1. Name the residue from Thr144, Asn251, His159 whose Cα lies farthest towards the positive end of the charge dipole of the chain, charges +1 on Cβ of Lys and Arg and -1 on Cβ of Asp and Glu.
2. Among Val118, Val219, rank each residue by its count of other Cβ atoms within 10 Å, from fewest to most, as a rough exposure measure.
3. Tell me the mean residue ellipticity at 222 nm calculated for the chain from its helices only (DSSP H runs of n ≥ 4, each -39500 (n - 2.57), averaged over every residue, nearest 500).
4. Could you list Lys158, Lys238, Lys186 so that the one with the fewest beta carbons within 10 Å of its beta carbon is first and the one with the most is last?
5. Multiplying the sequence separation of Glu41 and Thr70 by 0.36 nm and subtracting their Cα-Cα distance, what value in nm do you get?
6. Can you tell me the equivalent ellipsoid semi-axes for segment 134-264? Use √(5λ) from the Cα gyration tensor, largest first, whole Å.
7. Please report Val120, Val249 as a ranked list, fewest other C-beta atoms within 10 angstrom at the top and most at the bottom.
8. Bin all alpha-carbon pair distances of the chain at 5 Å intervals from 0 and give each bin's fraction as a whole percent.
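Values quoted throughout were computed directly from the atomic coordinates according to the rules given, and no laboratory measurement underlies them. Just so it is clear, the structure is predicted and the values come from calculations on it, not from any experiment. We place every Cβ from the backbone using ideal geometry, glycine too, and count neighbours over all the protein chains shown.
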Amino acid sequence: MTTFEGTLTKMQTEMGHPIQYYLIFDTNFINVNQLIGRTIEVQHKGYQCLHCKKPKKIFRQGFCYDCFSTIPAAADWIMKPELSKAHLDIEDRDLEYEKRVQLQPHMVYLALSSEVKVGVTRKTQVPTRWIDQGAIEALPVLETPNRYLAGVAEVALKHHFADKTNWQKMLKNEISPADLSAEKQKLVDWLPDEVKPYFLEEDQDYLLNYPVQQYPVKVSSLNLEKTPNFSGKVTGIKGQYLLFEDGTVFNVRTYEGYVVKITF
């Protein structure tokens with residue numbers, strides 16, 4: 001019997017065939033791929049805010065309410081890139097942080113996770129962003145010099161593509177077939193003039209392979225608040241989800257900041 005205890009953060013990933021997943025704790029880590037086919041127990045033991053490190057109840061994104069309301073890593077421009085203002089030298093919560101994150105190359109992309117969706121990510125987060133959302137294929141469309149311009153492009157393209165993944169279809173591997181290269185060529189006319197110079201003429205297609213033995217027919221999300229002790233056989237990993245034999249799925253990212261004990 002092996003036991004690991006620590007504060008959950010999203011699984012770290014490594015591109016491969018299949019993708020490799022790791023749970024990182026303060027003093028050790030788990031190669032989660034090695035748990036596939038094994039029965040594990042997950043116990044909710046408490047909370048630790050990822051920012052202040054205090055044992056306070058998690059509000060959102062791994063942060064307690066006070067930190068979520070004040071730190072730059074949880075500001076609105078994180079989820080809505082078009083709200084970025086660092087390029088104008090305007091502070092939201094912390095201009096130094098905002099310049100560091102916003103004023104770097106960003107990719108606008110099409111990804112296939114349940115259907116074709118459009119999204120934005122920092123160039124340094126390629127291909128991590130697509131792995132985290134469970135995409136089986138991704139194709140960069142633009143490379144902009146800052147987050148604001150990527151957000152402008154995304155807003156325009158959201159009129160034509162989804163901007164969220166249908167997580168249930170993604171986990172059941174119910175994916176509508178699509179030709180991302182053909183979709184990319186169609187969208188040129190929909191781009192605002194200010195971002196057209198950043199269109200990527202060359203296609204660099206990313207194909208992603210997940211370690212899944214068995215996809216669920218129906219999915220039921222594990223809620224650690226309602227079920228603080230859960231045991232099940234792991235049948236795969238996709239996105240930031242652990243898949244279990246009985247159809248239970250566990251979104252690790254949702255429970256960032258939760259202190260857990262994992263036994264196998």
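1. So the residue we want is Asn251.
2. Lowest to highest Cβ neighbour count: Val219, Val118.
3. -4500 deg cm²/dmol
4. Ordered by Cβ neighbours within 10 Å, fewest first: Lys186, Lys158, Lys238.
5. Stretched fully, the Glu41-Thr70 segment lengthens by 7.0 nm.
6. Value: 36, 17, 12 Å, ordered largest first.
7. Result, fewest neighbours first: Val249, Val120.
8. 1, 6, 12, 15, 17, 16, 14, 10, 6, 2, 0, 0
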